[in-house]
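Down below is the structure, laid out as structure tokens.
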Amino acid sequence: MAPSHVLRCCQRVLSWIPVFFIAMVVCWSYYAYVVELCICKCSLARAFVYLIVFHLSFFMFVWSYWRTIFTKPVSPSKEFSLPKADKEQYEREERPEAQQEILKRVAKELPVYTRTGTGGIRYCDRCQVIKPDRCHHCSACDTCVLKMDHHCPWVNNCVGFSNYKFFILFLAYALLYCLFIASTVLQYFIKFWTNELPDTHAKFHVLFLFFVAAMFCISILSLFSYHLWLVGKNRSTIEAFRAPVFTNGPDKNGFSLGFKKNVTQVFGDQGRLWPLPFFTSLGDGYTFPARLVSADPERATVILETGANAR
């Protein structure tokens, strides 16, 4: 077995450690809350109410987390690969200017409107494809990802067009889960410090349950707030740091269509499905409505119409 192959296998195994850590914390929190708190400490009526709300938030959190982890990122189709003859010519050329001419000729037939910082066609030498708008290469996944936002080690997956809604819901339900635990455990946490809890091992579960829930609540709240802001602006994390470049220059608000339409692009046009981790995002991941897509009004009209109508 080649050393490089062994190294890749080790990297894949190690990349699951953050997910395994989260899973262990969630499993422990379930035991601590259900068994040590609700069954052992709460009255029957209070435990009944707590357990219903807890299991609802727990189920939605785990469901969204599962979908975020195991939804495969979508890569560009073969349509964005260079034809065989053009690919051979591209590889033979040593001058970047000549290579760009080949890419521009092929890109004329593709719905590609963003450019590199120098105004060239965005091309991935690793995947050997012309990058669609908002597509980027993920070094961790070793593939180009449509509407890539970032690679998240806590889900061991790339967050992009196919699972961005799931990622937002995962953050939302994780925050709700932690808030509910922290708020309902608070009274027992206070009793711990006033020595009103019986001196059993259960009180240590209560102590750590509150601390862990509060700690995760603070960290998730900041991340969730940031991504809500990104959704409202219709930007990815990458675009927030580096504005997309169109044929007429960079524009950080180039994909923003107004708050309502921006939210609809991610969550879909059926409000009743927004809270559920079903894929309802608008578009096809290749074309997106944009305010400034081309100096040519005809091409701008085409991309606005196709991006708005694609599902």
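Observations on the model:
- Considering only alpha-carbon pairs that sit under 8 angstrom and 6 or more positions apart, the relative contact order computed for the chain is 18 percent.
- Over the range 1-120, all Cα pairs binned in 5 Å intervals from 0 give whole-percent P(r) values of 2, 8, 10, 11, 8, 7, 9, 11, 8, 6, 6, 5, 4, 3, 2, 0, listed from short to long.
- Distance between the modelled labels on Asp269 and Cys27, one decimal in nanometres: 4.5 nm (7 Å Cα→Cβ projection).
- Packing here is the average count of other Cβ atoms within 10 Å per residue, and on that basis the peptides 109-117, 241-249, highest first, run 109-117, 241-249.
- Residue separation of Phe208 and Cys40 scaled by 0.36 nm, minus their Cα-Cα distance, works out to 58.8 nm of gained length.
- Taking a sphere under 15 Å around the Cβ of Ile168 and counting the other residues whose Cβ falls inside, with K and R at +1 and D and E at -1, yields a net charge of +4.
- The GNM of the chain, with springs linking C-alpha atoms under 10 angstrom apart, assigns the highest mean-square fluctuation among Ala85, Ala174, Ala214 to Ala85.
- Efficiency of FRET between Val13 and Glu88 - r from beta-carbon atoms, R0 45 angstrom, step 0.05: 0.70
- Axial C-alpha extent at least 27 Å, average Kyte-Doolittle at least -0.5 - helices from the chain (DSSP): 44-70, 164-193, 202-233
- When peptides 157-165, 24-32 are ranked by their average number of other Cβ atoms within 10 Å per residue, the highest-first order is 157-165, 24-32.
- Remark: the range 53-147 projects, on average over all directions, an area of 8.1 nm² (convex hull of Cα atoms).
- With each label modelled as a point 7 angstrom along the Cα→C-beta vector, the Lys78-Leu223 pair spans 3.8 nm.
- Taken over the chain, the alpha-carbon convex hull comes to 160 cubic angstrom per residue.
Coordinate-derived values only; no laboratory data. As the structure is a prediction and not an experimental result, all values here were calculated from the model. For neighbour counting, all protein chains shown are included, and Cβ atoms are generated from backbone atoms with ideal geometry for every residue, glycine included.
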